[in-house]
Amino acid sequence: MTYSIGIDYGTSSGRVFLVDTTNGNIVSSYIKTYSHGTISETLNGQELPHHYFLQHADDYVDILKHGVKHVLEESQVNRDEVIGIGIDFTSCTIVFLDDQFEPLHNHNDLKDNPHAYVKLWKHHGAQDEATLMKEVSEQHDPSWIQYYGHNVNSEWMIPKILEVKKHAPEILERASYIMEAGDYLVSLLTGNNTRSNCGIGFKGFYNEQDGFNYNFFKAVDSELPTIIKEKCEAPVINIGESAGCLTSAFQQLWDLASNVQVSPFIIDAHSGVLGVGAIEEGAFTSVIGTSTCHLVLDTKQVPIPAITGSVKDAIIPGMYAYEAGQPAVGDLFNYSANLAPKEIVDEAQAQDISVLEQLEILASKIDITKQHVTVLDWHNGNRSILSDSHLTGSVIGLTLTTPYEMIHRAYIEATAFGTKMIMQQFENNQIDIHTVYAAGGIPMKSELLIDIYANVLNKPIVVIDASNATALGAAMLGAFVGGAYDSLENTVVAMKQPIYYSKQPDPEKVEQYERLFKRYQSLHDLLGKSYPSYSYI
């Protein structure tokens with residue numbers, strides 16, 4: 001018997017799982033919320049712009065060290081049977097390091113500088129830089145950007161670096177390394193400064209044939225090529241390959257063998273594709289959490305407008321992984337719950353359930369034909385298909401008698417409509433989709449959401465019995481690089497979790513939702529394309 005460790009870093013917490021490589025069963029787990037949380041609104045008493053979302057890198061290392069120690073001690077497994085470690089991380093989350101691999105925010109003289117801190121994926125301070133890069137790409141050489149959906153997203157690495165160059169050049173001067181937080185942790189574990197092809201391919205404008213596009217970088221900013229070469233260049237390791245063995249320090253810390261292999265980090269949602277076992281062509285995986293990332297695998301690469309990229313070998317060797325996403329889903333539902341009227345809150349407390357659960361009970365009773373509220377779900381901007389983080393959300397169709405649960409249902413429906421906009425982009429560009437796999441904790445908890453998605457998308461929805469799909473996917477990578485199986489595909493088949501339940505579309509509901517979707521689509525195009533400034537703050 002052998003074991004692997006999967007470490008999952010989400011938006012607000014980290015999780016460590018010790019997994020049996022023979023069947024994917026979780027032997028022991030450790031979950032901890034980041035001690036410093038997400039730094040927004042203020043930093044050490046200093047007011048921050050509304051679109052800043054920062055974190056403290058020490059929280060990641062704390063979870064790594066204590067989490068692995070915990071699962072090994074609690075399980076009492078033979079530590080010589082632990083063969084590999086995999087890490088997934090929410091992306092694009094970048095960290096700025098000194099020449100000793102120490103995060104710059106740990107320097108006393110930089111503790112009040114927001115640009116010294118980790119820039120979380122949903123940090124949207126680089127929209128102007130992303131817009132500039134998009135404009136330059138059209139003038140310079142638009143062909144290379146076609147595989148990024150003809151867009152540049154403010155969440156990605158290069159716009160965030162340009163943001164720091166503009167607002168805090170002293171940080172770039174003192175940074176010896178700039179990398180994804182997932183790469184940072186893998187580099188700590190192995191002692192090798194490396195990059196994952198998944199992270200740098202999707203978020204860093206890097207491809208396996210040409211590397212970085214330095215000619216384009218120079219056209220954007222004459223100093224940018226030097227910054228990237230000196231601070232971002234490193235050996236790139238593909239998913240499915242080993243990034244190296246554990247350093248002696250981590251071997252001693254956890255009393256593990258010297259031959260324990262470490263996988264390059266994989267983006268968290270991409271890891272979820274492995275965790276649910278959706279590795280065939282035509283499978284559309286939605287990893288639904290605070291945000292949603294949509295992934296599709298195909299043997300061919302085609303340019304698709306308005307998605308966030310396609311990279312070869314980023315999930316399964318030999319296949320292209322396509323990505324699109326929505327930056328507020330679970331966050332949107334929580335926002336709705338926080339605004340719930342007192343009578344709904346009191347009712348939830350009386351029944352000893354959460355406000356979200358009570359809202360779902362009430363929203364489930366609303367007849368689709370009576371729904372007259374439409375939400376544009378841009379409360380954290382729009383990633384796909386508009387790629388505009390300046391956009392803000394709207395609620396349309398309210399009357400003096402609109403019940404709050406109808407508004408809450410409209411929030412759920414809006415995320416389904418946004419998903420349909422994305423799915424249509426794929427299907428209109430030679431990527432066929434037959435089944436939707438829903439991963440994450442929300443699909444396990446919300447039957448209403450799954451029913452709405454099945455009928456809005458007019459596709460069968462498969463919910464896997466794995467709210468921990470991302471961590472399991474990371475453990476699969478650890479198992480594979482550790483030698484448990486001869487291929488990553490066989491690893492997935494052996495370790496994936498069973499189907500929790502599936503939902504088929506109801507033809508009557510499909511027809512009813514088509515009417516609501518057309519209204520959403522018209523408003524989407526009006527306020528997102530024709531008059532986006534009306535949605536700006």
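Of the residues making up region 330-352, one or more are in contact with a helix residue (DSSP H, G or I) (Cβ under 8 Å, 6 or more places away or on another chain), charged (D, E, K, R), free of Cβ contacts under 8 Å to residues at least 24 places away in the same chain and surrounded by 15 or more Cβ atoms within 10 Å (Cβ to Cβ). Among the residues of region 363-375, is any open to solvent by less than 30 Å² (accessible area, probe 1.4 Å), under 29 Å from residue 51 (Cβ atoms), outside any loop (DSSP other than H, G, I, E, B) and not aromatic (Phe, Trp, Tyr)? Yes; the residues of region 363-375 include at least one that is open to solvent by less than 30 Å² (accessible area, probe 1.4 Å), under 29 Å from residue 51 (Cβ atoms), outside any loop (DSSP other than H, G, I, E, B) and not aromatic (Phe, Trp, Tyr).
Remark: pairs (first residue in region 508-521, surrounded by 13 or more Cβ atoms within 10 Å (Cβ to Cβ); second residue of a type in the set (Ser, Thr, Tyr); Cβ separation under 8 Å; 6+ apart in sequence or on different chains) = 512/369; 516/374; 519/374; 520/374.
Taking the conditions (1) open to solvent by 20 Å² or more (accessible area, probe 1.4 Å); (2) modelled with pLDDT of 90 or more; (3) closer than 16 Å to residue 218 by Cβ in turn, residue 140 satisfies each one other than (2).
Among the residues of region 428-439, which ones are open to solvent by 10 Å² or more (accessible area, probe 1.4 Å) and out of contact with any Asp or Glu (no Cβ under 7 Å at 6 or more places or on another chain)?
428, 429, 430, 432, 434, 435, 437
Checked against the criterion of being part of a loop (DSSP other than H, G, I, E, B), of a type outside the set (Phe, Trp, Tyr) and under 31 Å from the mean Cα position of the chain (by Cα), the candidates 348, 340 yield just one match: 340. Looking across 223, 173, one residue alone is open to solvent by 10 Å² or more (accessible area, probe 1.4 Å), touching a helix residue (DSSP H, G or I) at 6+ places or on another chain (Cβ under 9 Å) and among the acidic types (Asp, Glu). It is 223.
Once region 175-230 is narrowed to residues that are among the charged types (D, E, K, R) and part of a helix (DSSP H, G or I), the residue that is farthest from residue 253 (Cα to Cα) is 218. For region 376-402, residues that are of a type in the set (A, V, I, L, M, F, W, C), assigned to a strand (DSSP E or B) and in contact with a Phe, Trp or Tyr (Cβ under 9 Å, 6 or more places away or on another chain) total 2. Within the bounds of region 472-487, is there any residue that is farther than 18 Å from residue 367 by Cα, surrounded by fewer than 24 Cβ atoms within 10 Å (Cβ to Cβ) and not small (Gly, Ala, Ser)? For region 472-487, residues farther than 18 Å from residue 367 by Cα, surrounded by fewer than 24 Cβ atoms within 10 Å (Cβ to Cβ) and not small (Gly, Ala, Ser): present. Every condition in (1) open to solvent by 10 Å² or more (accessible area, probe 1.4 Å); (2) in a helix (DSSP H, G or I) is met by residue 151 except one, and the failing one is (2).
The set of residues in region 266-319 that are part of a helix (DSSP H, G or I) and more than 15 Å from the chain's Cα centre (by Cα) contains only 276.
Of the residues making up region 21-74, those that are among the polar types (S, T, N, Q) and closer than 21 Å to residue 9 by Cβ are 28, 29, 33, 35, 38, 40, 55. One residue alone among 409, 383 is of a type in the set (D, E, K, R), crowded, with 24+ Cβ neighbours inside 10 Å and over 20 Å from residue 285 (Cα atoms), and that residue is 409. Every condition in (1) out of contact with any Asp or Glu (no Cβ under 9 Å at 6 or more places or on another chain); (2) surrounded by 23 or more Cβ atoms within 10 Å (Cβ to Cβ) is met by residue 418 except one, and the failing one is (1). Selection within region 23-39: residues that are over 15 Å from residue 6 (Cβ atoms) and in contact (Cβ under 8 Å) with a residue 40 or more places away in the chain. The member of this set that is most open to solvent (accessible area, probe 1.4 Å) is 38.
Selection over region 40-70 of residues that are loosely packed, with under 15 Cβ neighbours inside 10 Å and over 28 Å from residue 5 (Cβ atoms) gives a count of 8.
Taken residue by residue, region 276-287 has at least one member that is open to solvent by 20 Å² or more (accessible area, probe 1.4 Å), under 28 Å from residue 463 (Cα atoms), without any contact (Cβ under 8 Å) to a residue 60 or more places away in the chain and acidic (Asp, Glu). List the pairs whose first member sits in region 426-442 and is under 21 Å from residue 11 (Cα atoms), whose second member is open to solvent by 10 Å² or more (accessible area, probe 1.4 Å) and assigned to a strand (DSSP E or B), and whose Cβ atoms are under 6 Å apart, counting only residues at least 6 apart or on separate chains? Between residues of region 426-442 that are under 21 Å from residue 11 (Cα atoms) and residues that are open to solvent by 10 Å² or more (accessible area, probe 1.4 Å) and assigned to a strand (DSSP E or B), the close pairs are 439/287; 440/287. Among the candidates 535, 530, the residue that is more than 21 Å from the chain's Cα centre (by Cα), of a type in the set (Gly, Ala, Ser), over 30 Å from residue 245 (Cα atoms) and open to solvent by 40 Å² or more (accessible area, probe 1.4 Å) is uniquely 530. Restricting attention to region 439-463, which residues are in contact with a strand residue (DSSP E or B) (Cβ under 6 Å, 6 or more places away or on another chain) and under 30 Å from residue 82 (Cα atoms)? Listed by number, the residues that qualify are 439, 440, 463.
Inspection of region 495-506 finds a residue satisfying the criterion of being under 30 Å from residue 475 (Cα atoms), open to solvent by less than 70 Å² (accessible area, probe 1.4 Å), touching a Phe, Trp or Tyr at 6+ places or on another chain (Cβ under 9 Å) and not basic (Lys, Arg). Out of the residues in region 71-88 that are of a type in the set (Asp, Glu), within 24 Å of residue 244 (Cβ to Cβ) and touching a Leu at 6+ places or on another chain (Cβ under 9 Å), state the one that is most open to solvent (accessible area, probe 1.4 Å). Top of the filtered list is 80.
The values are calculated or read from the model by the stated rules, or taken from the named source; none is laboratory data. These numbers were taken from a predicted model, which means no experiment stands behind them. Quick reminder, even Gly has a Cβ in these numbers, built from the backbone with ideal geometry, and neighbours come from all protein chains shown. The accessibility values were calculated without ligands, DNA or RNA, using every heavy atom of the protein model including side chains. Shrake-Rupley method; radii C 1.70, N 1.55, O 1.52, S 1.80 Å.
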